[in-house]
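Right, one structure below, let's go through it.
The values are calculated or read from the model by the stated rules, or taken from the named source; none is laboratory data. As the structure is a prediction and not an experimental result, all values here were calculated from the model. As a convention, Cβ positions derive from the backbone with ideal geometry for all residues, glycine included, and neighbour counts pool all protein chains shown.
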């Protein structure tokens, strides 16, 4: 599991429980990263951004902290690829250490100086010595920590401590060596899959020119150290391959001996680093029965591949690990500090031990039963040590494999300790050490005086004589066919305390012992040997011990058994019988104690059983993609909501492509299941050919998107008002996940929009479960006394009470329903609806609506019209809003016998019993009964010949119109005069046709009614010239 931290606080705010791929890389040089790929639908993935912090669990139960470096978003595959690096890298940017000299420093004091004020603190320290630290240049905090580790010859480890959902500490450990020697042996055919051996020419070196720290007088110690084996392998024409080496030390008092010691250790490291081994091995430690097969960073590891030509035997250290956090069997590692052995060397050492002691060799971390013919090789520590049984002492005595350190000093506290005994009086001894290089800490030794005062000279002793032990092999206890070669021999002979090194050939000189007993019964035939082909390690997972339930070669998720086998075929077999099955997820253990309260989870899915995470959009931001909908969706939120809603999902039309939107989550389904889908939809306008729809996109069992998009509901009729549609969807075969999908298909234009709101998707049980939380049954015996959250109540008389609206009800019923509100009471009884407030009420019965005021019927509306009676008895009055007609906005009908007309709240006219009363300057305007012929002046006449004669007319709105065809008209001539009531307040110009050069002319109507022509010909024609009569 990946834990997501708050970017400022050390609190866990989310988790990622599934990834498609992940890789945790770590090396002993503290180069650590964690990368993973996850679906964009994974919960809390949206909480991860650049510089976010995450936690993963290490292999030893510890926690590793990382900072997000960068993120790749893959929209086509709906994935996010996240790259992170160890959080300790940030130490570089938190502090700079200036040049200075610090005397008598321990690791705690030096590291404490570097980490002071930072979120990290000094953790485990495995070194107690004192050093002088000279900082000769500015260092960032991380460089300073590395310098401390080099000065004290130890390694750094970073770790964090977690309690509950909070980081409680970050620590920097200084340890002698990461990892352990667990006795791990990786063998081809068991867990070793492949070894890649790389010789890196740029790292090859056979000698080092070592330069000590510069002293106060400017001089430096110099020494050249070499390696004979490396020289034999890699010299060029007799020349060493030499590099410069300057120890990271500021000790100006460093001796030549110490410089040589450091140089030899560094040369050994560089030689081993010139050959790199990359091991591809199966991680077996999580398989039942293989818990001891542990591989950790820094561990010692012995590699045996006898299929390689020549066979490969390596003694090495794990310097790099690449593992998966989610699939524990996925792990590869690289080896460094490698010592490579030839098979003949290994076998010769083994045979020499067996021949020498004529017995078997037992390897184990604990001692076996003590016998003189047994060699016990103790493993499990940092090195292997051979022991023999001392019969006299009755205990195991170490032969080799451990190291004893010797140092010399001036006094019993180790003052002026040195490996040179010259002038020294005390010797220090440290037994059973696992490292070859002696410690420079005097407290690691036991000190004893080895040079006391000169004693009295003793008597002269006898001349000493060397003695020798001879070893021979023979066929029997008499020494028959005695030989130096043990091949085929059953007896070994020893001759001790001989004065010459040359072995004698007289069998009688030897004491003979049986080393090969009589032949035993023939054993069972062994398995046939390998044929030299490349072998492959195969794994599969299942849910039972035969592999027949839930078998998979690719997905271990949710499976409890692992199967393995090795053969020479690269592809995994789908036959469960080929695998050896082992339980790697045991039965459910007992329930543990309750843990601390976890953080608040993300917003739950609204709507009870509604499988659409956000189908109402009320909490979303206008203009943005809604919450829980996939980024890149075409739809955005607009303030055009459906029933009971103020917002909806809006999709703008496209002329050439379909416009799709998807809900982020996937719904787990099985073929044959049914889903009920309902939603409200509408359009902005009715143009275009595209249609809005809602349905599902199909996914396979591995969550791979299929090409199928299945519409369930389509709004085929273009309407600008919302309509609610629904449909039922049956999951087809081959589909195991569904994604809710909304589309506005290619519309042929870009001005329309499709709005959708109140989306509900429900899983059905058979044909029944189609409303969230409802179940249809044949018969419910009684609901008397039912109370559901004080929202729906049935009293003991069977009367139901609702809190809120009765939505979606249909059908017929008999009886009575009533509700009371602030404005009165509404009752539905049989065929009558009645709304009442005090003595007033309105009642609708059948096809008729009646209004009552007190005891009087005020109005009645039915199919025959509107009937009002006894209006004169109503003292309260009423108001009817009419259509907007020429400025009149309201018509009020009052019960005290008048009707009035208003324009935007201002009364303009009132109908009373004596007629019509006008307010302000309002007039009564009616249209003329017919066209009026004016008196033509100055020789002007109608054209005649069937053409329309001149006339004028005033309509009911007060506009004057003129028509007709005249002749005898010249420019500036007074044609006729309009009477009062047909004149404008200001002169008006009317365009008309004439026979001038342009083909048109005009007349001017003056305020005194005179109509004057402006033309260049002698005729003109009016075509309904129009102006307002204002006087």
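Tell me the residue from 752, 758 that is modelled with pLDDT of 90 or more, surrounded by 10 or more Cβ atoms within 10 Å (Cβ to Cβ) and closer than 30 Å to residue 818 by Cα, please. One residue alone meets the criteria, 758. In summary, residue 174 fulfils each of the numbered conditions (1) at pLDDT below 90; (2) outside any helix (DSSP H, G or I); (3) over 31 Å from the mean Cα position of the chain (by Cα) with the single exception of condition (1).
Yes/no per residue for (1) assigned by TED's automatic domain parsing to the domain that holds residue 988; (2) in contact with a helix residue (DSSP H, G or I) (Cβ under 8 Å, 6 or more places away or on another chain); (3) assigned to a strand (DSSP E or B); (4) at pLDDT below 85:
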| position | (1), (2), (3), (4) |
| --- | --- |
| 926 | no, no, no, yes |
| 929 | no, no, no, yes |
| 934 | no, no, no, no |
| 946 | yes, no, no, no |
| 953 | yes, no, yes, no |
| 960 | yes, no, yes, no |
| 966 | yes, no, yes, no |
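With respect to the conditions (1) surrounded by fewer than 19 Cβ atoms within 10 Å (Cβ to Cβ); (2) not in a loop (DSSP other than H, G, I, E, B), residue 84 lacks only one, and its number is (1). Considering each residue of the range 104-114 in turn, at least one proves to be out of contact with any helix residue (DSSP H, G or I) (no Cβ under 7 Å at 6 or more places or on another chain), surrounded by 14 or more Cβ atoms within 10 Å (Cβ to Cβ) and in a loop (DSSP other than H, G, I, E, B).
Just one residue in the set 198, 190, 184 is modelled with pLDDT under 85 and surrounded by 19 or more Cβ atoms within 10 Å (Cβ to Cβ); that residue is 184. Total residues in the range 681-707 satisfying the condition of being within 36 Å of the chain's Cα centre (by Cα) and in contact (Cβ under 8 Å) with a residue 24 or more places away in the chain: the figure is 16. Confirm whether residue 432 is assigned to a loop (DSSP other than H, G, I, E, B) and at pLDDT 65 or above. In short, no. Restricted to the range 1013-1031, and to residues there that are assigned to a strand (DSSP E or B) and surrounded by 16 or more Cβ atoms within 10 Å (Cβ to Cβ), the residue that is farthest from the chain's Cα centre (by Cα) is 1019. From the list 264, 257, the lone residue that is in contact (Cβ under 8 Å) with a residue 24 or more places away in the chain, under 27 Å from residue 316 (Cα atoms) and not in a loop (DSSP other than H, G, I, E, B) is 264.
Whether any residue in the range 18-28 is modelled with pLDDT under 85 and over 14 Å from the mean Cα position of the chain (by Cα) is what I want to check. There is at least one residue in the range 18-28 that is modelled with pLDDT under 85 and over 14 Å from the mean Cα position of the chain (by Cα).
Could you list, in sequence order, all residues of the range 115-129 that are assigned to a loop (DSSP other than H, G, I, E, B) and either surrounded by 13 or more Cβ atoms within 10 Å (Cβ to Cβ) or assigned by TED's automatic domain parsing to the domain that holds residue 215 (or both)? Of everything in the range 115-129, those that are assigned to a loop (DSSP other than H, G, I, E, B) and either surrounded by 13 or more Cβ atoms within 10 Å (Cβ to Cβ) or assigned by TED's automatic domain parsing to the domain that holds residue 215 (or both) turn out to be 118, 119, 120, 126, 127, 129.
Would you confirm, using the coordinates I've provided, whether residue 94 is crowded, with 20+ Cβ neighbours inside 10 Å and within 23 Å of residue 53 (Cβ to Cβ)?
Details: crowded, with 20+ Cβ neighbours inside 10 Å: no; within 23 Å of residue 53 (Cβ to Cβ): yes.
In short, no.
Do we have residue 732 as outside any strand (DSSP E or B) and modelled with pLDDT under 85 here? Against the criterion (outside any strand (DSSP E or B) and modelled with pLDDT under 85), residue 732 does not qualify.
Yes/no matrix, rows are residues, columns are (1) in a strand (DSSP E or B); (2) under 34 Å from the mean Cα position of the chain (by Cα); (3) at pLDDT below 70; (4) surrounded by fewer than 17 Cβ atoms within 10 Å (Cβ to Cβ):
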residue: 304; (1), (2), (3), (4): yes, no, yes, no
residue: 308; (1), (2), (3), (4): no, no, yes, yes
residue: 313; (1), (2), (3), (4): yes, no, yes, no
residue: 321; (1), (2), (3), (4): yes, yes, no, no
residue: 334; (1), (2), (3), (4): yes, yes, no, no
residue: 338; (1), (2), (3), (4): yes, no, yes, no
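Tell me whether the range 119-130 contains one or more residues that are in contact (Cβ under 8 Å) with a residue 60 or more places away in the chain and closer than 30 Å to residue 45 by Cβ. The answer is no, given that none of the residues of the range 119-130 is in contact (Cβ under 8 Å) with a residue 60 or more places away in the chain and closer than 30 Å to residue 45 by Cβ.
Number of residues in the range 615-632 that are buried (at least 22 other Cβ atoms within 10 Å of the Cβ) and either in the same structural domain as residue 752 (by TED's automatic domain parsing) or assigned to a loop (DSSP other than H, G, I, E, B) (or both) equals 4.
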